[in-house]
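> After the structure tokens below, expect a handful of questions from me.
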Amino acid sequence: MNQTLCLLLIGDFINSIISLVMANFIRFGPSFDFSTLLFQNLPGVVTFSVVILFSSYFSELYERERVSSRVNLGLRISVVITLSFLFLTVVFYLFPSLLLGRGVLLIGLLVFGGLQFLHHRLIQLSFFPLLGKRVMVLGVGPLAKSMEKLILSSSGNYTFAGFINPLNELALVGEGQVVGTLEQLSETIKREKAQKLIVSLTERRGVMPVKDILACKLSGLEVIDAVSFYEQMTGKLLIENIQPSWFIFSNGFRVTKLMRFQKRVFDLIFSSIGILCAAPIFPVVALMVKLDSPGPVFFKQTRIGAGEKEFQVLKFRTMGQDAEEATGAVWAQQNDPRVTRIGKFLRKSRLDEIPQLINVLRGDMSFVGPRPERPEFVQTLTEIIPYYSKRHFVKPGVTGWAQIKYPYGASVEDALEKLRYDLYYLKNYSLLLDFQILLETIKVVLFSRGSR
């Protein structure tokens, strides 16, 4: 968790407590006793704060790249207040003992909205530029150039301090950006006050100044290679610059029997809950599909699962019957004419994916994992894209890291980009990551992102 996120979270938590105190003071006057609120209804106070933090998370107030202006910030905070009010109203109705007092909820949320706006705006204007680490890049080739772009797009998390020229690479950067050479590594780092060094050498053999870099690291400098920095910044892997040995020696890419058992229990619990919650809308969606166009309600299609075994994935039908009879297997396109009127709604709302929960119960799929692809596409993509087959070491998922990070893929280039995310998921798999993906999936569905 970076410094900025900590400041935002801690500040919002403190502001939620302050807003409750101010709301009670406004509602009940100077006679209000703060200790009564804190000690007699502590669960209600905690509930108020937790709901506000979750609402802020769902409104993406903790993602700096999404909050770029005062208007944007104000709109998102209004969503926070609305979501919090609706959810807390239900909670207080179900659990009256948590009730904070007449009128206190609405006043407290309005006060919090004002405090949150001031707090987030202050962080944006004052602390963002100060918290950025000064980063130096060792290298001047294409890999080093791509690292510069990542640093500049970090929303202030990092500040670019210049390139170190190893003298054996074709320079693709401006001369004014080069601040030193390998021979001057230590001196340059001290002079430029760099806090982080990204090793971005196209060729390391015989060039890597191990002794100098180790001395810098022991002096307090943070050292990281380009592939790892790319992973940290983007949540995906830089496939083009990864050697096969990297998969063996890097941290991650290890799913034990215990982890598989935990994941299966996770799948059974959440798929069962999902099916129970979706049961009332099954007949409604089925009737809509039948009335909209002739053909079956459900659509079955062969996909590739774990171990490259084929299985039949289930969906609500969103295209006309025999939609691929003339074209064969093709990716869905934007505004695809084969999609029915109801199909467009089902795809936009992701309701067409609900029957896949049955696949999860059967064990064909997992709740979270790489999306299953069709055999026709898998054969082509495996031949073109390196490491593509590695995504089949785990069960495919109803949702996944690639689905929440990248829109619908409809080309080889899209498949490559989604593979970067899938391999990141395989490398960093944990139940905590699965929970994060589920929360992000809810946001994707609510904001209708990436559907086609």
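> Provide the gained length on full extension for the span Ser349 to Val223, in nm with one decimal, where the gain is 0.36 nm per separating residue minus the Cα-Cα distance. Could you put the intermediate results ahead of the total?
Details: separation 126, 0.36 × 126 = 45.36 nm, distance 4.41 nm.
Using 0.36 nm per residue and subtracting the Cα-Cα distance, I get 41.0 nm.
> Straight distance only, please: which aspartates and glutamates reach the Cα of Lys344 with their own Cα at less than 16 Å, same-chain residues fewer than 8 apart left out?
Asp292, Asp336, Asp352, Glu353
> Another question, then. What does the C-alpha gyration tensor say about the overall shape of region 238-290? Classify as rounded when a/c is under 1.5, otherwise prolate if a/b is larger than b/c, or oblate.
Values: a/c = 6.66, a/b = 2.16, b/c = 3.08.
Oblate.
> Among the lysines, select those whose C-alpha is under 18 Å from the C-alpha of Lys190, and discard any that sit fewer than 8 residues away in the same chain.
Lys133, Lys211, Lys217
> Also, I was wondering about something else. I'd like the distance separating the alpha-carbon centroids of region 219-243 and region 264-289, in whole Å.
Cα centroid of region 219-243 versus Cα centroid of region 264-289: 40 Å apart.
> A further question on this structure: Please provide three numbers in whole Å: the alpha-carbon extents of region 132-234 along the principal axes, with the largest listed first.
Principal-axis extents of the Cα atoms in region 132-234, largest first: 33, 30, 26 Å.
> Which value, in nm² and rounded to one decimal, describes the direction-averaged projected area of the C-alpha convex hull of region 257-446?
Details: hull surface 41.9 nm².
Answer in nm², one decimal: 10.5.
> Also: Taking H placed 1.01 Å from N in the peptide plane, check which residues at least 5 places from Glu310 or on another chain put their amide H under 5 Å from its amide H.
Long-range HN contacts for Glu310: Gly305.
> Can I ask one more? Give the percent of DSSP beta bridges with both residues in the chain that are antiparallel, rounded to the nearest 5.
Details: 9 of 28 bridges.
Of those bridges, close to 30 percent are antiparallel.
> Give the lysines whose C-alpha is closer than 20 Å to that of Lys395, dropping any in the same chain fewer than 8 places away, or say none.
Lys236, Lys257, Lys263, Lys300, Lys309, Lys315, Lys405, Lys418, Lys427
> Here is a follow-up. Please express the Cα-Cα pair-distance distribution P(r) of the chain as a list of whole percents, one per 20 Å bin, running from 0 to the bin with the greatest distance.
Using 20 Å bins, I get a P(r) of 20, 45, 31, 4 for the chain.
> A further question follows. Can you give the extra length, in nm with one decimal, that the chain gains between Leu432 and Leu446 once fully stretched, where that is 0.36 nm per residue apart less the Cα-Cα distance?
Details: separation 14, 0.36 × 14 = 5.04 nm, distance 2.16 nm.
So the extension gain works out to 2.9 nm.
Rule-based calculations on the coordinates, nothing more; no lab input. Keep in mind it's a predicted model, so treat the numbers as computed, not measured.
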